[in-house]
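Heads up: the structure comes next, in structure tokens.
The values are calculated or read from the model by the stated rules, or taken from the named source; none is laboratory data. This one's a predicted model, so the numbers in the text were calculated from it and none came from an experiment. Here the Cβ is made from the backbone with ideal geometry for all residues, glycine too, and neighbour counts use every protein chain on show.
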Amino acid sequence: MQGIIKQVGSFFQHSLVSRVLQAVLVSFFLLTIVFFLLRLIPGDPAMVLLGENASMGQVEEYRKLLGLDRPPMEQYVDYMSNAFQGDLGVSILRRQSVVKIIASRLPVSLWLAGSTVAMVFVLALPLGLLAAVYHRTWFGYFFRVTTSIAISTPIYFTSLVILLLLAVKLDLVPIAGYDPEFPKNLRTLFAPALTNSILLAPVLARILQASVIDTMEEEFVEAAIVRGVKPLRFMWHYLLRPSLAPCIAALGYFAATVVSYGVLIEIIFNLPGVGMSLIEFVRAFDYTAVQGFVALTGLLVVATTLLADLLNAWLDPRANLK
Amino acid sequence: MSFAMSLKTLNREALVGILIIVLVILLGIIVPIASPNDASGFVADPLAPPSMSLPFGADHMGRDLFVRTFAAARLDIVLALLGASVPIVVGTFIGVLTGAAERKIAGALWDALINALTAFPEIVLVLAIITMLGGGWDGLLYAIWISRWAQYARLARAKTLKLHESEFVQAAKVLGYSRIRILAKHIMPNVYSEAIAYGLSDFVFIIVVIGGLSFLGMGVRPPTPEWGGMLAEGRIYLQTTPRLVLWPGAILSLTAIGVALFAQGLARHRKEAVR
Amino acid sequence: MINHDPGSSPPLLSVNKLRVSFRVGSGINLPVIDTADFILEPQGSLGLVGESGSGKTMLCRTLIGTLARHGAVINGGNITFSGQPITNLGESEWRKLRGHQIGYIPQSSMAGLNPILTIKSQLSEVVKHSTGGSESEVRREVLGLLERVRIPRPTAVMRSRPHQLSGGMRQRVIIAAAIAQGPKLLIADEPTTALDVTVQSEILALINELREELGMALLLVSHDLAVIEEMCSLMAVMYAGATVEVGPTENLISSPNHPYTRALNTSRTDKARPGDLLESIPGDAVSVGHWPNGCRFWPRCPIADLDCQDGLQPDLLAIEQRASACIHSDRMEVTD
């Protein structure tokens, strides 16, 4: 009996089903936290929102909109069941589904995220690989110092410096704004994506560097050197591919960071994406919209983390062995 | 190990880091006191160029940019210290307690809760909490505390679980030491030293978040000199008078880089000491 | 140094007063080999014995030219291979030697193969050099290689990945890759450590067969005297980075001239009969960076005296076919 329990236990720890179940559990807690976010408002949210001079009728209407007129337990059950059906609430100011508002602003942010990812990969893969191979030389030292400078510089300062160089001094890119048409939008996205990459590429490159250094210590690498595997094949199949797992595992972190930075970047470069919509919600005290936004981005990170987990299990046969 | 001793054996990165931190702190203390100009006083024409009496020139309202930059240093560093220390102390304490309570299912649920709390994109969660609580430097601090403690709770819980398996804790159990004594004497000091090492790099992040939220207008409010706020105000003059952005931005970045170098040097030092 | 008969053809491999050290910081070196001396004739076999940390693995890395990757450099002595000096070869020159002239079997069968590539993919890397050929040609060559290392159902094995094979199978594949280009010297670093005893003897037998078939010399690293005794006619004993005794295996085992060799011999488990008192070597092996002055074995040596504790590690002193670094080797028989 004990053995069976142990087997079931290890199944739940390692199988794919269990990973999905864990992600669902995390999402449940996440939505619960988001539900309670609204209770942080000191006093009556409707009063706070409308001010002292509001009529009783207006206040009542807002209370109803926020769902505050019903008992707390009922509110909670409602919120959770709606959330699991994909309804994350209604903006109290615009009287529109939060998910819909965000979806309408999504294309800009997706373009930004996409060009960031492309740029990060182009920069980080060769950098991380070189930094690993030459980690004992001056390049390793140079890499360590420059990446810590790039990572620690606040993104809102990096972006202003980039604007100063590329837009003001060199006049290569527009100072702000977005052109929604396809090839033209890349010009407007270049500076913000570059800013993002200056902060994110060093992080990825460092994870890769550490991982490749570990891989280089492996016996199979030594054996491959001795049998004289061709350089390109060696780089890809012997150094990079076996070292990708930690990079993939960090995808959740990257998703969270891209969203966080996106908020600042979209404001600075005046890109009408979801990040900018969050600032609009915040400035207008649109409590429910902010709440919906937090839930959505939190769920996005949980989903990315799960995806990364599954991807790693699929890519690395050693992981399946356990 | 005395402090002077450990200073001597530190590597170059850590030393450069310390040097930068000390320099910024000293200037942050001395400049606002020694200067005849007040951080909020209008002392010159708007955008007056740098001169002997105004080393960084005047800002868009004719205030002394030099004094404002270093008055901001004082405020930002104090805020970041407050922002970082409370989660370290509270989060680690909670983490040790949850790590010491040997309950399987509750532990799994707790892990899920912590994973949920740490999943939110940081700036988004901080912004949301500030929206609910109200802005200003106090709201900003509360938001940072609420969003950061879970990191430390997770770290401390993992470390505590590991220490519980370790030989010296097992030995202490066999010797009949009480749970509380084991926790207080053996586990807490170990976990806290690790949490502080992590907190050093977290400090960089928090100082950046404080500036970022103020940059968005949700943190410290003008006219109080604060780096992020100064960047937001100076941004409009980027094309004509970039120094309004460059000076506070450079000193802010320098501070963050100094702490990061120190943290990184220290981490390497610890790793080499183990070897 | 052991004398090599000057009349005959040059030895295949000659390691002469070799010193290797890690580069710790700028200008700071941490010696790991100091000094190694031995000679290996063409088609000969030499076993390298010693505890872990004695420098065996670093010696292998020196001989396959991968020291730099591990942060180490040669800082003394010389090595010749087929009469050519290989002490200061550049990477491109090493590339010509490795695989074609010197084959290498790494330490653990678990980590010796790339976990994400199929066996075929890993073996075709080596046959492509010689065939340069078409898909079907490569396939035939790989199959031939697997058959040469006596792998049953080679077509199925070709398609699998390392984790789907047993430890013995993996080690056969590793051997196949090492001998594919017909090297004159095969270096095997603890090739059977992780394997079951039965599999171990199969693998050793396979190495012996292939050695005869291809006329390879063998440099076998092991901490197991029984393995060395079975496989190698010559043996070199390493302690704390130095070769302390070199000579014909049977002589070294029957009448050791160095107390460390004798200690290794008496602590063997395979020759013990029930009821025998197994002697273990007193004290712990000294690690890199903590070598004592004088003969590095003296703190653990039963016959050490004050003469042993000063100066440098004594050089090997040749007597006929063998050499020992013990300054009191004349006392060995007395204390036996």
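Among the listed residues A:254, A:220, identify the single one that is buried (at least 19 other Cβ atoms within 10 Å of the Cβ) and over 30 Å from residue B:123 (Cα atoms). So the residue among A:254, A:220 that is buried (at least 19 other Cβ atoms within 10 Å of the Cβ) and over 30 Å from residue B:123 (Cα atoms) is A:220.
The set of residues in the stretch A:34-72 being out of contact with any Gly (no Cβ under 8 Å at 6 or more places or on another chain), of a type in the set (A, V, I, L, M) and in a helix (DSSP H, G or I) consists of A:37, A:38, A:40, A:46, A:47, A:48, A:49, A:50, A:56, A:59, A:65, A:66. Considering (1) at pLDDT 85 or above; (2) surrounded by fewer than 13 Cβ atoms within 10 Å (Cβ to Cβ); (3) part of a loop (DSSP other than H, G, I, E, B), the lone condition that residue C:314 does not fulfil carries the number (2). Residues being in a helix (DSSP H, G or I) and within 16 Å of residue B:48 (Cα to Cα): count how many of those fall in the stretch B:237-249. Count: 6. Could you please let me know if residue C:93 is in a helix (DSSP H, G or I), over 27 Å from residue C:192 (Cα atoms), more than 12 Å from chain A (Cβ to nearest Cβ) and without any contact (Cβ under 8 Å) to a residue 60 or more places away in the chain? Judged against the criteria, residue C:93 is a match. Residue B:252 fulfils the conditions (1) surrounded by 20 or more Cβ atoms within 10 Å (Cβ to Cβ); (2) more than 10 Å from every other protein chain (Cβ to nearest Cβ) except for a single criterion, (2). Residues in the stretch A:55-74 that are on the phi > 0 side of the Ramachandran plot and either over 32 Å from the mean Cα position of the chain (by Cα) or of a type in the set (S, T, N, Q) (or both): none. Do the conditions hold for residue B:163, that is, is it part of a helix (DSSP H, G or I), under 28 Å from residue B:95 (Cα atoms), in contact (Cβ under 8 Å) with a residue 24 or more places away in the chain and not hydroxyl-bearing (Ser, Thr, Tyr)? Criteria met by residue B:163. When we screen B:67, B:90 for residues that are in contact (Cβ under 8 Å) with a residue 12 or more places away in the chain and farther than 20 Å from residue B:231 by Cα, the only hit is B:90.
Checking each residue in the stretch B:255-275 for being of a type in the set (Gly, Ala, Ser) and buried (at least 21 other Cβ atoms within 10 Å of the Cβ) picks out B:256, B:258, B:260, B:263, B:265. Listed here are the helices (runs of 4 or more DSSP H) enclosed by the stretch A:220-322 that have at least 3 residues being facing chain B (nearest Cβ under 9 Å): A:251-268, A:274-283, A:287-315.
For the subset of the stretch C:23-58 comprising residues that are within 14 Å of another protein chain (Cβ to nearest Cβ) and crowded, with 18+ Cβ neighbours inside 10 Å, which member is modelled with the lowest pLDDT? Taking the candidates together, the pick is C:57. The condition of being touching a Gly at 6+ places or on another chain (Cβ under 8 Å) and surrounded by 17 or more Cβ atoms within 10 Å (Cβ to Cβ) holds for only one of C:210, C:195, that being C:195. Going through C:294, C:247 one at a time, which residue ends up being touching a Cys at 6+ places or on another chain (Cβ under 6 Å) and modelled with pLDDT of 85 or more? The match here is C:294. Residue C:224 fulfils the conditions (1) surrounded by fewer than 24 Cβ atoms within 10 Å (Cβ to Cβ); (2) over 17 Å from residue C:55 (Cα atoms) except for a single criterion, (2).
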